[in-house]
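Visitor: Have a look at this one before I ask anything.
The values are calculated or read from the model by the stated rules, or taken from the named source; none is laboratory data. Worth saying up front: this structure is predicted, and the values here are computed from it rather than measured. Cβ placement follows ideal geometry from the backbone for every residue including glycine, while neighbour counts extend to all protein chains displayed.
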Number of protein chains: 2
Amino acid sequence: MTARTKVKQALSEGKPGSECLVKGWVRSVRTGKGVCFIQLNDGSSLAGLQVVAEPDLANFNEVCALGTGAAIAVTGLLQESPAAGQALELKAARVEVVGGADESYPMQKKRHSFEFLRTIAHLRLRSNTFGAVFRVRSSLAQEVHRFFAERGFLYVHTPIITANDCEGAGELFRVTTLDLAKPPLVNGSVDFSQDFFSRATGLTVSGQLEGELFAQAFSDIYTFGPTFRAENSNTARHAAEFWMIEPEMAFADLNDDADLAESFLKRLCSHALENCAEDMQFFNTQIDKGLIERIQAVANASFARMEYGEAIERLKKAPVSFQFPVEWGLDLQSEHERYLTEQVVGGPVFILNYPKEIKAFYMRQNDDGKTVAAMDLLVPKVGEIIGGSQREERLDRLTARMQETGIDPESLSWYLDSRRWGTTPHAGFGLGFERLIMYLTGMENIRDVIPFPRTPRHAEF
Amino acid sequence: MTARTKVKQALSEGKPGSECLVKGWVRSVRTGKGVCFIQLNDGSSLAGLQVVAEPDLANFNEVCALGTGAAIAVTGLLQESPAAGQALELKAARVEVVGGADESYPMQKKRHSFEFLRTIAHLRLRSNTFGAVFRVRSSLAQEVHRFFAERGFLYVHTPIITANDCEGAGELFRVTTLDLAKPPLVNGSVDFSQDFFSRATGLTVSGQLEGELFAQAFSDIYTFGPTFRAENSNTARHAAEFWMIEPEMAFADLNDDADLAESFLKRLCSHALENCAEDMQFFNTQIDKGLIERIQAVANASFARMEYGEAIERLKKAPVSFQFPVEWGLDLQSEHERYLTEQVVGGPVFILNYPKEIKAFYMRQNDDGKTVAAMDLLVPKVGEIIGGSQREERLDRLTARMQETGIDPESLSWYLDSRRWGTTPHAGFGLGFERLIMYLTGMENIRDVIPFPRTPRHAEF
């Protein structure tokens, strides 16, 4: 019995005249001159294998009547294909219909809108576009692990359910086993001591704080897991559930952090171009014309570094009018970020050392008393893609900043412990994995790079 | 300026006489004959590097007074060590105290109980045992991705927040943004249409159903992500949050499934032995005497396969008395599983084709009308470590079984769609990652192989 060959392998390694067994799903059937041509796809590659069925086939009529979406297994001989765009085709000796599909199958050959395809997210996987998206997503995720493993970074599974920040924060999803119809109350407030964890808990928004604890024991670590935002915003760039990559390095400063971010992003760009070439070519043709050129430029660039203060000066001098104000002390908006990376630098640029008021409490306070050691990496077409910082490693400074910003140091005493004993300068960054996939594929809606996206009012499948 | 060398690299590749800069945390300080010896660990390996400080060092007194837990950076020359158990040591030319630690540091050199260390899970990372546990955990997680990537399996991020099974199921954590103190009610029931997702949602217990959808497009896929159980059970083997690996293959039957599970487990055993040798040696010495021999035996074994019916017969004939009854139709208890793998087979064994009444609705119904194509892989010392099945691919059979077991087919219509168009025989399994780590390290409490474990009444850090 012949073993199954994946289509990708048959197309790349198959020899004319060799026997081959392929299994997959029918993308299209077409007959001409008494011969029947089937496009067979098994998800291993964008390209399908053309199966040629001739009248001498035992179930020729059944095969000609196959519907789009049917599952079949075909044995035959590979042969050179006279058709354009494919070197090989499979002359069928035997076609087994494994699972039929009638005309009610929603993924007929015609083009569907992405909006419609979101309503059948369980079937859109069998289309060219979403096949390519999820192959690239998988390949990049595996490459993320390879990148860090090669550098001796420890992979950490930080907790998903957390009690941090769960008293009040508006963007948190609550996690509970209390009976919501009859919650236990004490003086009108929910008695969380009766909840599963004996306290209020929610879904994590970041693994960074726990990641820092690991860095203080293993030097170099990273997380790669799901994070959550209960933001009621229906934009093309926001999802309630998404995956984040957060490396953290002990004995490292902001420069080391930028070095790592630069190597990381360039590596992922190169990987997509080299290892997902067929899918990237598809995106470049069908989704986003300049994609490959843009990704190639990032892969080869030397990333610029610019102080926030200089960025503000450059923006003030810009011969364009921005929608949002530009002033030292204000955060950069997407229009400003894109101007900096596209017009001023003409390539990726790190903006360094932001005003402390617009950044998180844990970022390292610079000697100027005004800025913190934060960095954002901006890239052409999207603006910010990575955000990071050197962390405040000095116990007194960190405690003072928490008090200034209204965070009770007692509530994060375990976090402060990492500054109490054996503290080190350390730094890390966060990369939203979906934003990366959008960037690398040109897909413009985050709902189209997540298998089953979660957004306000949507949790299907 | 010399670049930092990790301790692991210094010990394995360092040359006597070469200059070296190491950074890490002090595990112990000891003085003798006017010389000061520091055990320095940076998390890259179990073994630390011995730093030798002599009185000619500028800050010799400061160095001798260093506390356990302090962070230091040391420059010096590697030299052959006269001490037993280490080939190299570092003669310090310069010691920078990066972050001090006083005697209040909870991880002093004496042995602590695992129970105590759980209360300082943010610091236990800096101990030998937990250093080894989390290095092995990371290395195995990365190897899981390598294993599947090599075989062309697509990595899928299935949803964490789900609306499946959220009406009533007791073991689900509810996810909500409703005000728990004042939930919106309609006729005494919670009005989930006002919740974030306009419906009742909870945390996933498995990515399998969504994984099956992906297998019907990409042939071979796997998930590796967090899953949840709101079970109020305080055992050494249960956690509320844990990571699962779930591969799924289209065009595959129960035998293919067992073949994959066997290759997978053997590969992970070999990986731990070969790539985590130092840590495994530690576990073998300190935690579980027969560990390496047992893991080696699994790595080299040819796994047996036995029908459930035969297993019941063997157990009935067993010259031992079990606590739980043995009868065709009853599930196997841990004592039965261990007897089968340890006494009957003397090695790993798949038990195949269980009575349908004790297995899930989605498992493929066998022709005998009594059993389903389920498999459990049993290994010596723990019993079941992997559970899987061939899935019911026939729409009518699956629908009928759902109705028999009280599941509304309408609620999973998207799942049934995968059987409606292009259905294929397919199979997969699930492996609890923490159970695997416990098995490979000999650690006996699941709380000790999870960075920050979530169990009833516990969600610290």
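Visitor: Among A:396, A:448, A:368, A:408, which is of a type outside the set (Phe, Trp, Tyr), crowded, with 23+ Cβ neighbours inside 10 Å and more than 26 Å from residue A:148 (Cβ to Cβ)? Walk me through how you get there before you give the answer.
Guide: Numbers: A:396 fails: crowded, with 23+ Cβ neighbours inside 10 Å; A:368 fails: crowded, with 23+ Cβ neighbours inside 10 Å; A:408 fails: crowded, with 23+ Cβ neighbours inside 10 Å.
Just a single option satisfies the conditions, and that option is A:448.
Visitor: Also: Please verify whether the stretch B:263-270 includes one or more residues that are closer than 27 Å to residue B:221 by Cα, surrounded by 15 or more Cβ atoms within 10 Å (Cβ to Cβ), aliphatic (A, V, I, L, M) and assigned by the TED database to the domain that holds residue B:217.
Guide: The answer is yes, given that some residue of the stretch B:263-270 is closer than 27 Å to residue B:221 by Cα, surrounded by 15 or more Cβ atoms within 10 Å (Cβ to Cβ), aliphatic (A, V, I, L, M) and assigned by the TED database to the domain that holds residue B:217.
Visitor: Can you tell me which of (1) touching a helix residue (DSSP H, G or I) at 6+ places or on another chain (Cβ under 9 Å); (2) modelled with pLDDT of 95 or more; (3) within 30 Å of residue A:275 (Cα to Cα) is the one residue A:52 doesn't meet?
Guide: Tallying (1) touching a helix residue (DSSP H, G or I) at 6+ places or on another chain (Cβ under 9 Å); (2) modelled with pLDDT of 95 or more; (3) within 30 Å of residue A:275 (Cα to Cα), residue A:52 fails exactly one: (1).
Visitor: Before we move on, is residue A:218 more than 23 Å from the chain's Cα centre (by Cα), crowded, with 21+ Cβ neighbours inside 10 Å and in contact (Cβ under 8 Å) with a residue 40 or more places away in the chain? Please lay out each step first, then the result.
Guide: Details: more than 23 Å from the chain's Cα centre (by Cα): yes; crowded, with 21+ Cβ neighbours inside 10 Å: yes; in contact (Cβ under 8 Å) with a residue 40 or more places away in the chain: yes.
Yes: the conditions hold for residue A:218.
Visitor: Of the residues A:390, A:343, which is of a type outside the set (Val, Ile, Thr), out of contact with any Phe, Trp or Tyr (no Cβ under 9 Å at 6 or more places or on another chain) and under 22 Å from residue A:294 (Cβ atoms)?
Guide: A:343
Conditions tested, residue by residue: (1) crowded, with 21+ Cβ neighbours inside 10 Å; (2) outside the structural domain of residue B:25 (by the TED database); (3) closer than 15 Å to residue B:24 by Cβ; (4) touching an Asp or Glu at 6+ places or on another chain (Cβ under 9 Å).
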{"site": "B:85", "(1), (2), (3), (4)": "no, no, no, no"}
{"site": "B:91", "(1), (2), (3), (4)": "no, no, no, yes"}
{"site": "B:108", "(1), (2), (3), (4)": "no, yes, no, no"}
{"site": "B:113", "(1), (2), (3), (4)": "no, yes, no, no"}
{"site": "B:118", "(1), (2), (3), (4)": "no, yes, no, yes"}
{"site": "B:136", "(1), (2), (3), (4)": "yes, yes, no, yes"}
{"site": "B:147", "(1), (2), (3), (4)": "no, yes, no, no"}
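Visitor: Looking at (1) part of a strand (DSSP E or B); (2) modelled with pLDDT of 95 or more, find the lone condition where residue A:11 falls short.
Guide: Going through the list (1) part of a strand (DSSP E or B); (2) modelled with pLDDT of 95 or more, residue A:11 breaks only (1).
Visitor: State which residue pairs qualify: first residue on the phi > 0 side of the Ramachandran plot and inside the stretch B:242-263, second residue of a type outside the set (Lys, Arg) in any location, beta carbons under 6 Å apart, and separation of 6 or more residues or different chains.
Guide: B:251/B:424
Visitor: I need the full set of residues from the stretch B:259-301 which are of a type in the set (Lys, Arg) and over 13 Å from residue B:143 (Cβ atoms), in order please.
Guide: Those that are of a type in the set (Lys, Arg) and over 13 Å from residue B:143 (Cβ atoms): B:289, B:294.
Visitor: Still on this model: What pairs come out if I take residues in the stretch A:417-444 that are more than 13 Å from chain B (Cβ to nearest Cβ) and pair them with residues that are basic (Lys, Arg) and part of a strand (DSSP E or B) whose C-beta lies under 7 Å away, six or more apart or interchain?
Guide: These pairs meet every condition: A:427/A:391.
Visitor: So residue A:450 clears everything in (1) of a type in the set (A, V, I, L, M); (2) away from every other protein chain (no Cβ under 14 Å); (3) not in a helix (DSSP H, G or I) except one condition, right? Which one?
Guide: Failed condition: (2).
Visitor: Please state which of the following conditions residue A:57 fails to meet, knowing it meets all the rest: (1) part of a strand (DSSP E or B); (2) in contact with a Cys (Cβ under 9 Å, 6 or more places away or on another chain); (3) more than 14 Å from chain B (Cβ to nearest Cβ); (4) not hydroxyl-bearing (Ser, Thr, Tyr).
Guide: So residue A:57 meets the others, but not (1).
Visitor: OK, next. Helices (runs of 4 or more DSSP H) wholly in the stretch B:339-441 with at least 3 residues that are out of contact with any Leu (no Cβ under 9 Å at 6 or more places or on another chain) and at negative phi - which ones?
Guide: Of the helices (runs of 4 or more DSSP H) lying wholly inside the stretch B:339-441, those with at least 3 residues that are out of contact with any Leu (no Cβ under 9 Å at 6 or more places or on another chain) and at negative phi span B:395-404, B:433-441.
Visitor: Follow-up question, since we're still on this one. For the stretch B:58-83, which residues satisfy the criterion of being in contact with a Pro (Cβ under 6 Å, 6 or more places away or on another chain) and crowded, with 17+ Cβ neighbours inside 10 Å?
Guide: B:78
Visitor: Starting from residues that are part of a loop (DSSP other than H, G, I, E, B), out of contact with any strand residue (DSSP E or B) (no Cβ under 6 Å at 6 or more places or on another chain) and hydroxyl-bearing (Ser, Thr, Tyr), keep the ones in the stretch A:171-205 and report whichever is surrounded by the most Cβ atoms within 10 Å (Cβ to Cβ).
Guide: A:177
Visitor: Let me ask something else. For the stretch B:445-458, enumerate the residues that are touching a residue at least 24 places away in the same chain (Cβ under 8 Å) and over 30 Å from residue B:378 (Cβ atoms).
Guide: B:452
Visitor: Say we look at the stretch B:375-387 and pick out the residues that are in contact (Cβ under 8 Å) with a residue 60 or more places away in the chain and either crowded, with 24+ Cβ neighbours inside 10 Å or not assigned by the TED database to the domain that holds residue B:440 (or both); which of these is farthest from residue B:403 (Cα to Cα)?
Guide: B:379
Visitor: So residue A:121 fits all but one of (1) touching a Cys at 6+ places or on another chain (Cβ under 9 Å); (2) more than 7 Å from chain B (Cβ to nearest Cβ); what number is the exception?
Guide: For residue A:121, the failing item is (1).
Visitor: Just the residues that are not in a loop (DSSP other than H, G, I, E, B) and not β-branched (Val, Ile, Thr), please, taken from the stretch A:60-79.
Guide: A:60, A:61, A:62, A:64, A:71, A:73, A:76, A:77, A:78, A:79, listed by residue number.
Visitor: Another question about this same structure. Please verify whether residue A:158 is at the interface with another protein chain (Cβ under 7 Å from one of its Cβ atoms) and either under 21 Å from the mean Cα position of the chain (by Cα) or surrounded by fewer than 22 Cβ atoms within 10 Å (Cβ to Cβ) (or both), treating the condition exactly as stated.
Guide: yes
Visitor: Let me ask something additional. Condition (residue is more than 30 Å from residue A:145 (Cα to Cα), touching a residue at least 60 places away in the same chain (Cβ under 8 Å) and not charged (D, E, K, R)) applied to the stretch B:170-193: is it met by at least one residue?
Guide: yes
Visitor: Could you count how many residues in the stretch B:113-170 are aliphatic (A, V, I, L, M) and in a helix (DSSP H, G or I)? Even if it seems obvious, please write down each step before you answer.
Guide: Pass one, the stretch B:113-170, residues aliphatic (A, V, I, L, M): B:117, B:120-121, B:123, B:125, B:132-133, B:136, B:140-141, B:144, B:149, B:154, B:156, B:160-161, B:163, B:169.
Those left that are additionally in a helix (DSSP H, G or I): B:117, B:125, B:132-133, B:136, B:140-141, B:144, B:149.
Selection size over the stretch B:113-170: 9.
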